[in-house]
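In what follows, a structure is listed as structure tokens, so that the remarks can point back to it.
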Amino acid sequence: MDLNKENNIIAHIYDAALDPQLWTQVMHELVEYTQSKTAIFTAMDQLNPAYNFVHTYNIPYEGLAAYRDERIQVIDMKLHLPLWNEIAVGEALQINCQHYPFMKGSEEHIFYEKCLKPTGILHLAGVLLDRGDFSWAVLGIHRAPEAIPYGKEQLDFLERISIHLRRALQIYRQFSLVIQDKYNAYQAMNALKVGIVLLLENFEIQFANIEAKKMLRQNQEIEIDQYNYLKLNRAYHLQLEQLIRGSLQQGSGGISKIGGVMAVEDATGHCIMLTIVPWSKQSMTPIEESRRYQVAIFLTDRNQYHILSQSYLRQHYQLTCREIALCESLINGYKPEEIAEQMQLSIQTIRTYMKKIYEKLEVNSQIELIHKLMNCTLQFQHIA
């Protein structure tokens, strides 16, 4: 294990969360470090199609084209999905394909001839990063037939970096929800539905978005002082200081301790969840502003506001914008009478809308509706 190389890979993983073009560099580093030949990183989310991606390294066009063939996808799922289903998110596995070339006439042989052989690979390993009702994400690495199969060392490495890849996916998912081509980086952060604070190692705030400032005003244990420093009581300060040091790779806990999650609860019971991660300034600010290290803190209320996937509800249930707005108010605890007042509509009109929504989602009660809608939310997950 080379701690410096692994730390650099992790730093670049968080950079790529903001700038997806950097995944090519990350993939190259992963391939080199694990002595692999190729790699693939893929994620999909039916609730948020803008999030979907496939990043590859050194996989030829023939291999990718074959994998897009529906027949090959079916074979792949049949052969390998049961293996993925046996492990938990964050766990790694090795897929033994060494016998595939000799199984003439079998689906294993078809997969080898169409997918593995054109790419020049035979040994596969990967780590499961997401598996939900509507989402899926994996990172796979591959070696040539003449190479030795993957062992415990490589699988342990994949599991060590999995928490950072999962956090990076959470960050990228939030940025994919805003239309970034209309914004610079700071405008995009202000459009996020989660709080974000960019912080120097001495707790000096470089940037806090609108959502973060709102949350910090509501919690009595954490605030921005008059000198623009993040201020907490002693116990929380020490905990955050330790996580910041870890994010800046100044701690002694190894790469799994880079960054982390903590909760800040005040006397009133108001609780803010924080995810602390490394944050590069190179893609966001001029060179003269990049002299000191920086971390990012993502903040949400423990009882965070539920945001529905509008694209999914429009596509699968043909809900209108007004119907989606009504649904979002419902899952956030508002009563029909309160929604009528918010939307400046009569209660009869709201009930008419709800009747149409019931029909479209094929439910018979408000409880059934809320249960179904909760599976269509886009929330930031704090991954510890």
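Residue-wise test of (1) modelled with pLDDT under 90; (2) within 25 Å of LEU129 (Cα to Cα); (3) in the same structural domain as LEU238 (by TED's automatic domain parsing).
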{"site": "HIS164", "(1), (2), (3)": "no, yes, no"}
{"site": "LEU169", "(1), (2), (3)": "no, yes, no"}
{"site": "MET189", "(1), (2), (3)": "yes, yes, yes"}
{"site": "ILE196", "(1), (2), (3)": "no, yes, yes"}
{"site": "LEU200", "(1), (2), (3)": "yes, no, yes"}
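A residue that is more than 30 Å from ILE171 (Cα to Cα) and surrounded by fewer than 16 Cβ atoms within 10 Å (Cβ to Cβ) cannot be found anywhere in segment 114-130.
Residues checked against (1) under 23 Å from ILE276 (Cβ atoms); (2) out of contact with any Pro (no Cβ under 7 Å at 6 or more places or on another chain); (3) not acidic (Asp, Glu):
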residue	(1), (2), (3)
ALA11	yes, no, yes
ASP19	yes, yes, no
THR24	no, yes, yes
VAL31	no, yes, yes
THR38	no, yes, yes
TYR51	yes, yes, yes
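In the set (1) under 24 Å from the mean Cα position of the chain (by Cα); (2) touching a residue at least 40 places away in the same chain (Cβ under 8 Å), the condition left unmet by ASP69 is number (1). Looking only at segment 361-384, count how many residues are exposed (fewer than 15 other Cβ atoms within 10 Å of the Cβ) and either in a helix (DSSP H, G or I) or charged (D, E, K, R) (or both). Count: 7.
I'd like the full set of residues that are out of contact with any helix residue (DSSP H, G or I) (no Cβ under 9 Å at 6 or more places or on another chain), outside any loop (DSSP other than H, G, I, E, B) and surrounded by 13 or more Cβ atoms within 10 Å (Cβ to Cβ), limited to segment 219-240. Even if it seems obvious, please write down each step before you answer.
So in segment 219-240, the residues out of contact with any helix residue (DSSP H, G or I) (no Cβ under 9 Å at 6 or more places or on another chain) come out as 219-220, 225-229, 233-240.
Remaining after also requiring outside any loop (DSSP other than H, G, I, E, B): 229, 234-240.
Passing the criteria: TYR229, TYR236, HIS237, GLN239, LEU240.
Does TYR112 qualify as being outside any helix (DSSP H, G or I), more than 15 Å from TRP84 (Cα to Cα), of a type in the set (Ser, Thr, Tyr) and in the same structural domain as THR42 (by TED's automatic domain parsing)? When the stated conditions are applied, TYR112 does not pass them.
Residues considered: LEU22, LEU64, LEU79. Of these, the only one that is assigned to a helix (DSSP H, G or I) and touching a strand residue (DSSP E or B) at 6+ places or on another chain (Cβ under 7 Å) is LEU64.
On the stretch given as segment 326-340, residues that are in a helix (DSSP H, G or I) and within 19 Å of ASN303 (Cα to Cα) total 5. The set of residues in segment 60-111 being more than 17 Å from ALA39 (Cα to Cα) and among the aliphatic types (A, V, I, L, M) consists of ILE72, VAL74, ILE75, MET77, LEU79, LEU81, LEU83, ILE87, ALA88, VAL89, MET103, ILE110. Taken over segment 313-323, the criterion of being surrounded by fewer than 20 Cβ atoms within 10 Å (Cβ to Cβ) and either in contact with a strand residue (DSSP E or B) (Cβ under 7 Å, 6 or more places away or on another chain) or not polar (S, T, N, Q) (or both) is satisfied by ARG314, HIS316, TYR317, CYS321, ARG322, GLU323. Quick one: in segment 37-61, which of the residues that are of a type in the set (A, V, I, L, M) and in contact with a strand residue (DSSP E or B) (Cβ under 6 Å, 6 or more places away or on another chain) is surrounded by the most Cβ atoms within 10 Å (Cβ to Cβ)? Looking at the filtered set, the residue picked out is ALA39.
The values are calculated or read from the model by the stated rules, or taken from the named source; none is laboratory data. Since we're looking at a predicted model, the values are computed, not measured. So basically every Cβ, Gly included, is an ideal-geometry build from the backbone, and we count neighbours across all protein chains shown.
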